[in-house]
Amino acid sequence: MDVYWQKFIESFITGIPNLLTALVIFVVSLYLARLLSNLLKRVLQRRRAPAGVTHLLGEVVLWSIVIAGMITALERFFPVTAFLAGLGIIGFTVGFALQDIMKNFASGVILLLQQPFHVGETIGVKGFDGTVIAIDLRATEIKAADGRVVILPNAEVLANPIINYSRANQRRVDFNLYLSHATEPDVVRRIVMDAIQSVPGFVPEPEPVIVFNSLTDNALELNVNFWIDVTKNDLLHAKDIVLLKVHSVFHEEGIEIPHPVQTLLSTQIPK
């Protein structure tokens, strides 16, 4: 019995350095975990990230560092690596089964951090244009212009070009006009320019472009573009105002819009 206690005391004394080292490693990991977690939360709060995401990412950082410190401390007493290798196989299997979920989760975190768009902004992504109504860690929800609600996985959103219409203060309006060969070009330019300048939200810089682009058998093609302030008007309304005014002035001044002409050849078959 005395021999047993003697060996126990000797082993305890021999293990004190390892015990102290493990304790220091664990305490330092706790301190670093809280420090980095709070730092991340403050950064996310400054960037106005959702509170749920801020808390979640803070906890992920906290426990990741704590677990890493615990493993490092336990390595002072027994090989933890072999034990974790067995757990790693199980983790790999589960991770492979949940890879799409994890991919969308990671993409959602990146979207919330980078903030290429906010809720309420109008965006275009993967062929869908609409207003963002929700952003969570799995998917982005968009209400399209026709009323449809589109739910896009975050991985798909992040992997495709994102057009943020709301962050463009100025947008360009484009349209074409087809005119008769008898039309006087300078008169048409004046009419179109007057119509453009009457649009609410018209922006004089960059200057409007009114150019004749092509000459066909029955028409002159006129290309027109101008810029508007989207905080005062929208593209469809601006284009509607210009075209209606141009149509009204054309009617008053007798300027014709050519119609497609088809030539029919009739051959009489002799009896």
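The values are calculated or read from the model by the stated rules, or taken from the named source; none is laboratory data. Here the structure is a predicted model, which is why all the values come from computation and not from measurement. Note that we place each Cβ from the backbone using ideal geometry, even for glycine, and neighbour counts take in every protein chain shown.
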**Scope segment 15-33; condition polar (S, T, N, Q) and at pLDDT 85 or above; matching residues** = S29
**Message:** If P200 meets every condition in (1) more than 36 Å from the chain's Cα centre (by Cα); (2) closer than 26 Å to T122 by Cα apart from one, which number is that one?
**Reply:** (1)
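Return the residues of segment 144-157 that are touching a residue at least 40 places away in the same chain (Cβ under 8 Å) and more than 16 Å from A134 (Cβ to Cβ); say none if nothing qualifies. Quick ask: steps written out before the conclusion?
So in segment 144-157, the residues touching a residue at least 40 places away in the same chain (Cβ under 8 Å) come out as 153-155, 157.
If the condition is that a residue be touching a residue at least 40 places away in the same chain (Cβ under 8 Å) and more than 16 Å from A134 (Cβ to Cβ), then A155 is the only one that fits.
Only residues that are of a type in the set (G, A, S) and at pLDDT 85 or above: list them for segment 108-133, please. Walk me through how you get there before you give the answer.
Filtering segment 108-133 for residues of a type in the set (G, A, S) gives 108, 120, 124, 127, 130.
Those that are of a type in the set (G, A, S) and at pLDDT 85 or above: G120, G124, G127, G130.
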**Asked** Can you pull out the residues in segment 180-198 that are within 16 Å of V211 (Cβ to Cβ) and touching a residue at least 60 places away in the same chain (Cβ under 8 Å)?
**Response** T183, V187, V188, I191
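Here's the yes/no breakdown for (1) out of contact with any strand residue (DSSP E or B) (no Cβ under 6 Å at 6 or more places or on another chain); (2) farther than 30 Å from H251 by Cβ; (3) not assigned by TED's automatic domain parsing to the domain that holds T122:
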residue: I142; (1), (2), (3): no, yes, no
residue: G147; (1), (2), (3): yes, yes, no
residue: E156; (1), (2), (3): yes, yes, no
residue: H181; (1), (2), (3): yes, no, yes
residue: I191; (1), (2), (3): yes, no, yes
residue: Q197; (1), (2), (3): yes, no, yes
residue: E205; (1), (2), (3): yes, yes, yes
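Looking only at segment 130-144, filter to residues that are among the small types (G, A, S) and under 26 Å from Q99 (Cα atoms); which one of those is surrounded by the most Cβ atoms within 10 Å (Cβ to Cβ)? Spell out how you get there, then give the answer.
Within segment 130-144, the subset among the small types (G, A, S) is 130, 134, 139, 144.
If we keep only those that are under 26 Å from Q99 (Cα atoms) too, we end up with 134, 139.
Working: A134: 12, A139: 19.
Applying the filter and picking the extreme gives A139.
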**Request:** Only strands (runs of 3 or more DSSP E) wholly contained in segment 128-224 count here; list those with 1 or more residues that are closer than 19 Å to D240 by Cα.
**Result:** 170-179, 209-215
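Which is farther than 30 Å from R46 by Cβ and either under 19 Å from the mean Cα position of the chain (by Cα) or surrounded by 14 or more Cβ atoms within 10 Å (Cβ to Cβ) (or both), of G127, G147, G108? Lay out the reasoning, then the answer.
Details: G147 fails: either under 19 Å from the mean Cα position of the chain (by Cα) or surrounded by 14 or more Cβ atoms within 10 Å (Cβ to Cβ) (or both); G108 fails: farther than 30 Å from R46 by Cβ.
One residue alone meets the criteria, G127.
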**Item:** Residues (farther than 27 Å from L111 by Cα, touching a residue at least 24 places away in the same chain (Cβ under 8 Å) and hydroxyl-bearing (S, T, Y)) located in segment 17-48
**Value:** T21, S29
**Prompt:** On the given criteria, is L36 at pLDDT 70 or above, surrounded by 13 or more Cβ atoms within 10 Å (Cβ to Cβ) and under 30 Å from L158 (Cβ atoms)?
**Reply:** yes
**Request:** Kindly provide the set of residues from segment 166-183 that are surrounded by 13 or more Cβ atoms within 10 Å (Cβ to Cβ) and within 12 Å of L222 (Cβ to Cβ), ordered by number.
**Result:** F175, L177, Y178, L179, S180, T183
**Prompt:** Has segment 85-106 got any residue that is at pLDDT 65 or above, closer than 30 Å to A168 by Cα and among the small types (G, A, S)?
**Reply:** yes
**Asked** Restricting attention to segment 248-259, does a residue exist that is of a type outside the set (A, V, I, L, M), within 30 Å of the chain's Cα centre (by Cα) and surrounded by fewer than 14 Cβ atoms within 10 Å (Cβ to Cβ)?
**Response** no
